[in-house]
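What follows is one structure encoded as structure tokens, with my remarks underneath.
The values are calculated or read from the model by the stated rules, or taken from the named source; none is laboratory data. Treat the numbers as computed from the prediction; the structure is a model and nothing was measured. Neighbour counts are summed over all protein chains in view; Cβ atoms, including those assigned to glycine, are modelled from backbone coordinates with ideal geometry.
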Amino acid sequence: MPWINRILALSLMAGVIPLWRMADRFPGMGAVFPRVTLAAVATLAAAMLARSVMPARVRRVETEGTRGPRGIVRPLVGFAVGLGGVYLMRHLGFFPAMIAFAAVLFPVLRVENRRIYLIAIVAVLIGIYLVFVLLLGVPLTAGRTA
Amino acid sequence: MEILSFVLQVFTPMNMLAIVAGVVSGLVIGGLPGLTANLGVALLLPVTFSMDVTAALLMLMSLYTAAIYGGSFSAILLHTPGTSASAATAIDGFVLTQRGEFAKAIRVATFSSVVGGLASGVALLVFAPPLSLLTLKFGPAEYFMLAIFALTVIGTVSTGNMVKGLIAGAVGLFLSTVGMDLDSGFPRYTFGLFALQSGINFVPAVIGLFSLSQALMMCEDANATIQRVDSKGGGWRFLPFRDEIRAIRTTLVRSSLIGIVVGILPGAGADIGSWVSYNEARRFARDKSQFGNGSIVGIAASEAANNAVTGSSLIPLLTLGIPGSTTAAVLLGALIVHGLLPGHAMFEEHASITYTVIFGFLVANVVMGAVGMTLGKFMVHIARLPNAAIIPTIFILSIVGSYSLGNNVFDIYTMMAFGLLGYVMRKSGFHPAPMILGLILGPIAETGFRQSVTLAEGPVLAYILGSPISLILAVLTLLSVGTAAFLESRGIRAKRDGSVGGTARTP
């Protein structure tokens with residue numbers, strides 16, 4: 001964990017520099033508040049860096065979920081599939097795109113109980129149609145084929 | 001007579017429907033281990049856009065209180081708290097389930113939750129209006145300090161690592177500066193994107209940070225589910241027996257008071273109230289050996305306190321704009337989205353909405369008890385749903401919720417970006433709540449800061465600290481940071497780490 005904190009702290013401090021420079025172009029008092037917040041971020045990141053170097057009295061688990069890089073592969077693939085689903089929304093329309101998204105997500109999640117997965121997808125899509133389309137009148141994307 | 005009209009407004013079909021919908025959604029979300037009240041409020045927020053403001057707030061507040069109560073079902077039936085606020089309930093509740101007395105545990109938890117919720121609703125009704133008068137004395141300096149105080153409180157309480165909490169809050173403040181500068185009209189940090197000129201939209205951000213990030217967390221173990229347990233326990237009835245009420249009545253009063261006090265303290269959530277109350281009940285008990293062995297007093301202590309937090313955490317929220325819990329921070333955003341600003345105006349200009357919502361909150365607690373006892377038998381099936389069924393549901397609801405905000409695909413991309421950011425934050429020990437609060441309070445803080453700079457005839461800091469209220473707020477800010485730093489250095493808070501953001505499901 002300390003090495004992650006160090007990388008994050010250094011990244012935050014490095015990230016502050018270009019954002020601070022960008023504020024040069026802001027007229028009047030437009031640059032003041034962003035720079036105050038950036039200064040706070042940099043100062044706190046420096047504190048996090050300093051703390052990560054000091055020996056901790058109590059070793060704490062700060063992260064959530066599984067540990068190790070392998071654990072994050074499936075969430076990232078799932079995220080990419082989600083992005084694909086959003087992209088497809090414009091071309092296929094909301095409902096076909098979400099069905100395609102769920103179909104692609106199925107092997108990614110290695111679903112064991114297919115029946116519950118299918119029921120959940122159908123139920124949520126029907127629920128969305130009833131609440132968002134019929135009740136709230138949200139014009140969900142129809143796609144280019146419509 | 002005006003009060004009576006506010007009470008009657010609660011019982012309009014639309015408002016009652018909103019309460020029931022909020023309660024049922026809250027029970028389901030609270031009953032699902034890993035899903036929190038934050039996530040529920042974030043997901044339901046887009047549904048409320050086209051609704052009447054009163055009904056919208058009633059739905060969200062009903063969801064909040066029901067989600068905290070709903071966590072007790074999986075705590076009692078499966079030894080897996082649905083929300084971190086019900087962790088103490090699991091200790092004695094599951095022992096009763098193992099003994100085949102789960103119906104007893106559920107009815108005591110339900111009765112206690114309703115009593116705690118009602119007590120906090122009364123506290124909200126009594127304390128909020130006079131406290132709101134304080135905001136009449138607020139100027140730019142006070143508003144700036146108030147925003148900073150609220151941020152430091154949430155930042156220091158919502159994570160086990162104070163510095164990370166404060167960083168998340170500061171980044172949230174920075175993100176609030178993205179978009180057109182209101183004074184000069186100059187686009188700040190928009191990187192040429194037209195869609196960013198109006199700033200980062202709060203709703204997609206909150207859905208991404210709380211909901212999508214949770215779906216991504218669940219992807220790590222997609223087939224995790226709760227092990228099957230025997231949840232058959234006879235004697236299903238709505239109210240506890242007289243001797244059960246007699247056994248828990250003192251605890252109910254004490255725990256409700258503890259919950260109310262903890263809820264009013266900015267940033268301290270239902271989980272803290274629940275643990276403090278459980279420990280106090282144990283301390284006052286004649287027979288301490290009962291605790292951990294199926295004590296209904298233990299269940300009552302935990303459940304009365306965690307629901308007592310819900311109403312009282314709205315006191316600093318509605319009066320000063322300081323959220324009493326992380327869910328209240330999301331509710332603050334909901335208020336602003338619906339055009340309401342916390343403060344005295346809530347109790348004067350918008351008195352009809354505010355009082356109806358407060359009375360509705362009381363009604364919601366009663367509805368929660370009735371619906372809870374009706375659905376209780378089925379909650380075990382909901383709580384045992386595998387992650388694989390919940391993940392695509394959250395994904396799809398997050399997408400449609402973000403889109404429905406302005407029928408704009410850019411909002412979905414914003415939500416996805418914040419979802420990924422939220423996941424990375426949670427994996428590296430940051431909690432999203434301070435960032436959301438930074439996004440919400442940023443414009444208030446910047447306006448206060450700018451006006452202070454303009455009004456100050458000398459150093460800005462001297463001007464800001466020149467008023468007694470902002471000086472008190474500055475001292476409170478230092479105290480909250482100092483106390484958190486002290487407790488952290490002593491390692492006292494270590495045991496609370498990981499308690500925020502939901503409870504992991506057992507594989």
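Assorted remarks:
- Test for A:Arg60: is it surrounded by 13 or more Cβ atoms within 10 Å (Cβ to Cβ), modelled with pLDDT under 90 and either within 7 Å of another protein chain (Cβ to nearest Cβ) or more than 13 Å from B:Ile391 (Cβ to Cβ) (or both): yes
- Restricting segment B:394-412 to residues that are part of a helix (DSSP H, G or I) and not hydrophobic (A, V, I, L, M, F, W, C), the residue that is nearest to the other protein chains (Cβ to nearest Cβ) is B:Ser404.
- Extreme residue, farthest from B:Thr310 (Cα to Cα), among residues of segment B:269-286 that are outside any helix (DSSP H, G or I) and at pLDDT 80 or above: B:Arg286
- Number of residues in segment A:90-112 that are facing chain B (nearest Cβ under 7 Å) and of a type in the set (A, V, I, L, M): the value is 5.
- All told, B:Ala123 meets the bar of being in a helix (DSSP H, G or I) and away from every other protein chain (no Cβ under 11 Å).
- Qualifying positions in segment B:169-190 - part of a loop (DSSP other than H, G, I, E, B), under 22 Å from A:Val41 (Cα atoms) and either modelled with pLDDT of 90 or more or more than 9 Å from chain A (Cβ to nearest Cβ) (or both): B:Ser176, B:Thr177, B:Val178, B:Tyr189, B:Thr190
- B:Thr54 vs. criteria among the β-branched types (Val, Ile, Thr), crowded, with 24+ Cβ neighbours inside 10 Å and within 20 Å of B:Thr326 (Cβ to Cβ): no
- Filter result for B:Met415 (within 14 Å of another protein chain (Cβ to nearest Cβ) and either closer than 18 Å to B:Met218 by Cα or crowded, with 24+ Cβ neighbours inside 10 Å (or both)): yes
- With respect to the conditions (1) more than 24 Å from the chain's Cα centre (by Cα); (2) at pLDDT below 85, B:Ala105 falls short on a single one, namely (2).
- For B:Tyr69, the test of being among the aromatic types (Phe, Trp, Tyr) and within 17 Å of B:Met373 (Cβ to Cβ) is passed.
- Any helices (runs of 4 or more DSSP H) falling wholly within segment B:27-100 and containing at least 3 residues that are farther than 26 Å from B:Ile399 by Cβ: B:53-78, B:87-98
- Scanning segment A:81-132 for residues that are part of a helix (DSSP H, G or I) and among the charged types (D, E, K, R) returns A:Arg90, A:Arg114, A:Arg115.
- Unmet criterion (only one of (1) part of a helix (DSSP H, G or I); (2) more than 14 Å from every other protein chain (Cβ to nearest Cβ); (3) at pLDDT below 90) for B:Ala301: (3)
- In segment B:457-473 there is at least one residue matching the filter, namely being of a type outside the set (D, E, K, R) and at the interface with chain A (Cβ under 10 Å from one of its Cβ atoms).
- Scanning segment A:73-88 for residues that are of a type in the set (A, V, I, L, M) and facing chain B (nearest Cβ under 7 Å) yields A:Leu83, A:Val86.
- No other residue among B:Ile382, B:Ile440 is more than 11 Å from every other protein chain (Cβ to nearest Cβ), touching a residue at least 60 places away in the same chain (Cβ under 8 Å), in a helix (DSSP H, G or I) and crowded, with 21+ Cβ neighbours inside 10 Å apart from B:Ile440.
- Residue, farthest from B:Phe174 (Cα to Cα), within segment A:1-16, restricted to residues that are within 8 Å of chain B (Cβ to nearest Cβ) and surrounded by 15 or more Cβ atoms within 10 Å (Cβ to Cβ): A:Met1
- Inclusion of B:Phe138 among residues that are out of contact with any strand residue (DSSP E or B) (no Cβ under 7 Å at 6 or more places or on another chain), touching a residue at least 60 places away in the same chain (Cβ under 8 Å), surrounded by fewer than 24 Cβ atoms within 10 Å (Cβ to Cβ) and under 25 Å from B:Leu439 (Cβ atoms) is warranted.
- The set of residues from segment A:23-32 being loosely packed, with under 15 Cβ neighbours inside 10 Å and within 11 Å of another protein chain (Cβ to nearest Cβ) comprises A:Arg25, A:Pro27, A:Gly28.
- Residues located in segment B:191-220, provided they are more than 12 Å from chain A (Cβ to nearest Cβ), surrounded by fewer than 24 Cβ atoms within 10 Å (Cβ to Cβ) and either under 18 Å from the mean Cα position of the chain (by Cα) or among the hydrophobic types (A, V, I, L, M, F, W, C) (or both): B:Leu193, B:Phe194, B:Ala195, B:Leu196, B:Ile200, B:Phe202, B:Val203
- Candidate set: segment B:136-165, residues that are more than 25 Å from B:Pro468 (Cα to Cα), within 13 Å of chain A (Cβ to nearest Cβ) and part of a helix (DSSP H, G or I); chosen: the one modelled with the lowest pLDDT: B:Met162
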